[in-house]
Amino acid sequence: MSIFIYLKKLFSLFLLLIFIAGCAKTSPNTPAVIKDFDIYKFSGTWYEIAKIQKDGEVLKNTTINYSIETPQEIKIVVRGQKADEGFKKLQSSAKFSDDRKTAALQIQVFGPVYKPYNIVKLDAYRYAMIFGESDEMWIISRTKTISELVKALYLDYAKNNGYDINKIIWIRQN
């Protein structure tokens, strides 16, 4: 093999590695997910209070219902109102990444494609913070509002974990 062909292959490999490195997402600090998680206490209806989400619509009066389908599968139904229109319903499922006592989940995007859905804050099963990919985060509550103290604590936690809190969308709950 000539030196020219060898250098060409080496250069092609170098370009491929640069391309792959450029496609890799940088993620914020990886916070610990909730241990000693009880899916039965977490099940039920939650109100979406705030989110950072790279895609999808912004709905108002949004609720998220979690129900246990099988020992390893959780059904997720998101219901919200489009601006001056009727309600929209989205359904997905999630599975545990590890064991059922750890709140590290994988949510189904479509078909066999899943993405992270990690419950990182959970206060007496009344308020929760969920981190998805590096640019997705949700704050949910059992009630339509959260206190200013909880809001401040959760915003601080998100910021300390690399999330841009200026991108947070606050959901209107009437």
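The values are calculated or read from the model by the stated rules, or taken from the named source; none is laboratory data. Just so you know, these numbers come straight off a predicted model, no measurement behind them. Here Cβ is always computed from backbone atoms with ideal geometry, including for glycine, and neighbour counts include all displayed protein chains.
At-a-glance table
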| read-out | value |
| --- | --- |
| Residue within segment 83-91 that is of a type outside the set (Lys, Arg), over 22 Å from ASP135 (Cβ atoms) and touching a Phe, Trp or Tyr at 6+ places or on another chain (Cβ under 8 Å) present | no |
| Residue that is hydroxyl-bearing (Ser, Thr, Tyr) and either at pLDDT 90 or above or under 30 Å from ARG172 (Cβ atoms) (or both), where the choices are SER97, SER12 | SER97 |
| Some residue of segment 146-155 being loosely packed, with under 13 Cβ neighbours inside 10 Å, at pLDDT 95 or above and among the aliphatic types (A, V, I, L, M) | yes |
| Which numbered condition TYR127 fails, given (1) under 25 Å from PRO31 (Cβ atoms); (2) surrounded by fewer than 17 Cβ atoms within 10 Å (Cβ to Cβ); (3) under 18 Å from the mean Cα position of the chain (by Cα); (4) not polar (S, T, N, Q) | (2) |
| Lone qualifier among VAL58, VAL77 - being at pLDDT below 95, closer than 22 Å to SER141 by Cβ, under 17 Å from the mean Cα position of the chain (by Cα) and surrounded by 10 or more Cβ atoms within 10 Å (Cβ to Cβ) | VAL58 |
| Count of segment 80-118 residues which are β-branched (Val, Ile, Thr), touching a strand residue (DSSP E or B) at 6+ places or on another chain (Cβ under 8 Å) and under 18 Å from GLY56 (Cα atoms) | 2 |
| All positions within segment 131-174 that are under 22 Å from PHE42 (Cβ atoms) and acidic (Asp, Glu) | GLU133, GLU136 |
| Top-ranked residue in segment 101-124 [being within 16 Å of ILE74 (Cα to Cα) and of a type in the set (D, E, K, R); ranked as nearest to the chain's Cα centre (by Cα)] | LYS115 |
| Tally, over segment 61-73, of residues that are without any contact (Cβ under 8 Å) to a residue 40 or more places away in the chain and surrounded by 13 or more Cβ atoms within 10 Å (Cβ to Cβ) | 6 |
| Residue check, SER134 surrounded by 15 or more Cβ atoms within 10 Å (Cβ to Cβ), modelled with pLDDT under 95, more than 9 Å from the chain's Cα centre (by Cα) and over 18 Å from GLU48 (Cα atoms) | no |
| Any hit, segment 58-68, residues being within 19 Å of LYS35 (Cβ to Cβ) and of a type in the set (S, T, N, Q) | no |
| Residues located in segment 158-167, provided they are surrounded by fewer than 18 Cβ atoms within 10 Å (Cβ to Cβ) and not aliphatic (A, V, I, L, M) | LYS159, ASN160, ASN161, GLY162, ASP164, ASN166, LYS167 |
| The lone exception for PHE87 - which of (1) over 21 Å from LYS35 (Cα atoms); (2) modelled with pLDDT of 95 or more it fails | (2) |
